[in-house]
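Structure record follows, encoded as structure tokens.
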Amino acid sequence: MKNLVFALSAAALVSAAPLQAQAFSGFTANNDGVEFWDNLSDDGLALNPNNCNSGFVVTGVAPTSCINQRPNTWLPYTGTPANEYWNLSGNWAPIVFGAGTYTLEYLGGTTSAGCTAPCVGGDIAGANLDWGIFATNDRSTLYNFNTTYPLPATLTAGVSWGLWVNLLGGGTAFSDTDQQFALFGFGRLDPTTYIAGIEDNGAGDWDYQDMMFRITAEDGGTPQEVVPEPATMTLLATGLAGMAAAKRRRNRK
């Protein structure tokens, strides 16, 4: 198992509040597109009404006849159904994880069939597209799960981190700025495990099942918002005001 280590950098640590997770209470994945990830998948559609998106898989709704790219043999789903997705009022939300130790692994049945060299496991929907993780304070260094760090892997991060993927047609998407990522959770049933889904096309069908994998926070970490919470900003503003007043007093003296 590979071990990735992000160097500690106190300046990069940002106070952040957890995203607001919306429960699936009474909800069934139905391809209606109301939730940002719940769209009919175009992957191998061929008039198959059972084409599934990531929500069909993780909520246990997807039938065995469902066409799914990644994980390509992970049906039917026999694990605990997901009951949360990380969002902002049903819409896509930035995804960033805080400093800590995490295990990242493929879901059962995931293979790299159709992936050509130099892919070593981790292709996106059979295409040899690079993807992986990055430290949010350093987008110039991209840790690549396609070629260099095949899962499973252990991540020890001293700074917040996110996901990235190279897109069909060119370009790179990041989980704190782009809609290419969806994140599902299990609430109180398993508060430290998440399933991430990746969309490989900037103008895609938004099924988020071109790659799906599991993230486990070994030390109880949770997803993080990209911006500081209001209370933190207020505290910061108060501190800055106090510093300015102290400087004025010194100048008068």
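Coordinate-derived values only; no laboratory data. It should be emphasised that the depicted structure is a prediction, and the values quoted were computed from it without experimental measurement. In this analysis, Cβ positions are derived from the backbone assuming ideal geometry, glycine residues included, and neighbour counts consider all displayed protein chains.
Each peptide among 159-168, 185-194, 53-62 gets the average number of other Cβ atoms lying within 10 Å of its residues, and from highest to lowest they stand as 53-62, 159-168, 185-194. Ordering 81-88, 148-155, 30-37 by mean Cβ neighbour count within 10 Å, with the highest value first, yields 81-88, 148-155, 30-37.
Taking the Cβ of Thr192 as the centre, find all other residues whose Cβ is under 15 Å away and add up their charges (Lys, Arg: +1; Asp, Glu: -1). Write out the running numbers ahead of the final one.
Details: positive: Arg188, Arg214; negative: Glu84, Glu105, Asp190, Glu218, Asp219.
The answer is -3.
Would you work out if region 141-183 is rounded, prolate or oblate? Take a ≥ b ≥ c from the square roots of the eigenvalues of the alpha-carbon gyration tensor; rounded if a/c is under 1.5, else prolate when a/b is larger than b/c, oblate otherwise. Don't skip to the end; give the middle numbers.
Working: a/c = 2.00, a/b = 1.31, b/c = 1.53.
Since a/c reaches 1.5 but b/c is at least a/b, the shape of region 141-183 is classed as oblate.
Remark: spin-label model distance Thr154-Val34 equals 4.3 nm, labels positioned 7 Å along the Cα→Cβ axis. Calculated FRET efficiency, Asn137 and Glu218, Cβ-Cβ r, R0 25 Å, to nearest 0.05? For Asn137 and Glu218, the calculated efficiency is 0.70. Give me the extension gain from Thr101 to Asp190: residue separation times 0.36 nm, minus the current Cα-Cα distance, reported in nm with one decimal. That pair, Thr101 and Asp190, stretches by 30.4 nm at full extension.
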